[in-house]
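Below: one structure, written as structure tokens.
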Amino acid sequence: MFLYVDIEKKLSSFDLEVKFKQDNRVLGFLGESGCGKSMTLKCIAGLENPTRGKIILNDKVLFDSEKKINLSVQDRKIGFLFQNYALFPHMTVKQNIEIGIYNLKKEDIKSISKKYIEKLKLEGLENRYPHELSGGQAQRVALARVLATSPDILLLDEPFSALDYHLRKKMEIELIEILKEYRGKIIFVTHDIEEAYRVCNDIMVYNNGLSKSKRRKEELFENPKSFMEAKITGCKNISLIKRINKNTIYAEDWGYELNLDKIINEDIKYMGIREQYIKIKRFNKNNSSKCFEIKHIIKNPFSYTLYIRNIENYNYKNIQIEIHKENIEFSIGNKVSLIIDPDKIIYF
């Protein structure tokens with residue numbers, strides 16, 4: 001069983017270009033809002049038509065521009081969970097779940113409806129209308145409606161975006177447990193990097209309509225291969241580099257030279273370092289280290305975020321550092337030296 005997508009779609013703001021084949025269970029689309037993630041889902045579902053290309057699901061051609069194949073939404077056997085859940089306001093919970101299986105025998109409709117009402121813990125809510133439900137209840141109803149149709153693939157379009165923060169974590173855990181029993185393909189769209197890591201097996205990064213190559217989530221976060229992959233996976237410190245020699249680079253955005261134990265390829269253009277892998281110490285003018293100044297300190301629930309900058313030039317960019325609250329011993333204006341673990345630097 002697999003999903004193959006190779007499509008282009010011309011849009012007013014950009015040209016969407018997506019190509020991938022997915023065999024594993026949960027594939028994540030990760031990117032900023034408006035970059036083409038949801039549009040890709042709509043093309044797979046048949047809600048939008050690509051300009052050209054091909055979409056195949058389990059050897060069944062859903063779309064082929066050359067062969068003039070374009071199956072209807074109803075014939076694609078796809079479950080689509082929309083951001084706003086798209087429940088019918090004039091229907092009860094039970095009616096919303098059963099609307100997708102209306103063409104089955106009455107006894108089958110009743111059995112399937114009962115199964116998913118119990119599975120999604122909706123007992124007692126059968127006769128309520130959408131406006132009488134909480135956000136979490138509405139999501140479970142929408143998911144029950146999708147699963148009741150036994151789709152070959154689930155398309156989940158930012159399913160937690162409409163929920164309050166305290167409810168998102170709870171629903172995420174519930175969704176992961178529910179999906180463990182589902183045997184089809186799953187595409188999960190999000191712009192939340194932590195959410196993508198917890199839910200997905202593979203991840204594709206989107207950048208202004210262009211999808212990057214699909215990658216295992218662990219590999220993507222540990223070794224991003226492009227500026228966009230580093231940025232979208234939460235790397236706050238990225239600098240253009242100049243290669244001094246095979247073992248020395250100069251971070252142009254920070255005014256900082258690093259001597260390394262490894263050879264740096266000539267095609268490397270950027271370096272990045274995540275904020276938790278940087279340490280600082282009080283500046284000592286008697287050594288040869290660069291002097292940085294703490295410009296801002298942001299208080300987080302369990303840590304502090306420090307913004308420091310090379311004092312030689314105001315145009316240098318800030319470097320972002322995260323320090324646990326118990327270890328904070330600095331204040332704004334302090335002069336410090338930078339300590340970067342070379343094994344934690346990423347290059348692209």
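The values are calculated or read from the model by the stated rules, or taken from the named source; none is laboratory data. This one's a predicted model, so the numbers in the text were calculated from it and none came from an experiment. Because the Cβ atoms are built from the backbone with ideal geometry, glycine has one as well, and the counts that use them run over all protein chains shown. Remember, those area values only see protein heavy atoms, side chains included, never the ligands or the DNA or RNA. Shrake-Rupley method; radii C 1.70, N 1.55, O 1.52, S 1.80 Å.
If I filter the range 279-286 for residues that are within 20 Å of Cys235 (Cβ to Cβ) and crowded, with 17+ Cβ neighbours inside 10 Å, do I get at least one hit?
Checking the range 279-286: at least one residue is within 20 Å of Cys235 (Cβ to Cβ) and crowded, with 17+ Cβ neighbours inside 10 Å.
Only residues that are open to solvent by less than 10 Å² (accessible area, probe 1.4 Å) and either part of a helix (DSSP H, G or I) or under 21 Å from Cys200 (Cα atoms) (or both): list them for the range 38-70, please.
Thr40, Leu41, Cys43, Ile44, Ala45, Leu57
Return the residues of the range 212-244 that are among the hydroxyl-bearing types (Ser, Thr, Tyr), open to solvent by 20 Å² or more (accessible area, probe 1.4 Å) and within 30 Å of Tyr182 (Cα to Cα); say none if nothing qualifies.
Once the filter is applied, which keeps residues that are among the hydroxyl-bearing types (Ser, Thr, Tyr), open to solvent by 20 Å² or more (accessible area, probe 1.4 Å) and within 30 Å of Tyr182 (Cα to Cα), the range 212-244 yields only Ser213.
Check the range 90-98 and report whether any residue there is closer than 26 Å to Asn58 by Cα and surrounded by fewer than 17 Cβ atoms within 10 Å (Cβ to Cβ).
No, that holds for no residue.
Exactly one condition in (1) within 16 Å of Met91 (Cβ to Cβ); (2) surrounded by fewer than 17 Cβ atoms within 10 Å (Cβ to Cβ) is false for Arg140; which is it?
Every listed condition holds for Arg140 apart from (2).
Is there any pair linking a residue in the range 55-74 that is more than 15 Å from Pro151 (Cα to Cα) to one that is in a strand (DSSP E or B) and polar (S, T, N, Q), with Cβ under 7 Å and at least six apart or on different chains, and which?
Phe63/Asn70
Have a look at Ile117, Ile176 and point out the one that is open to solvent by 20 Å² or more (accessible area, probe 1.4 Å), within 30 Å of Asn201 (Cβ to Cβ), of a type in the set (Val, Ile, Thr) and not in a loop (DSSP other than H, G, I, E, B).
From the options Ile117, Ile176, the qualifying one is Ile176.
Out of the range 132-167, which residues are part of a helix (DSSP H, G or I), free of Cβ contacts under 8 Å to residues at least 60 places away in the same chain, hydrophobic (A, V, I, L, M, F, W, C) and under 17 Å from Phe188 (Cα atoms)?
Across the range 132-167, the qualifying residue is only Ala144.
Among the residues of the range 294-348 satisfying the criterion of being open to solvent by 90 Å² or more (accessible area, probe 1.4 Å) and charged (D, E, K, R), which is nearest to Lys242 (Cα to Cα)?
My answer is Lys317.
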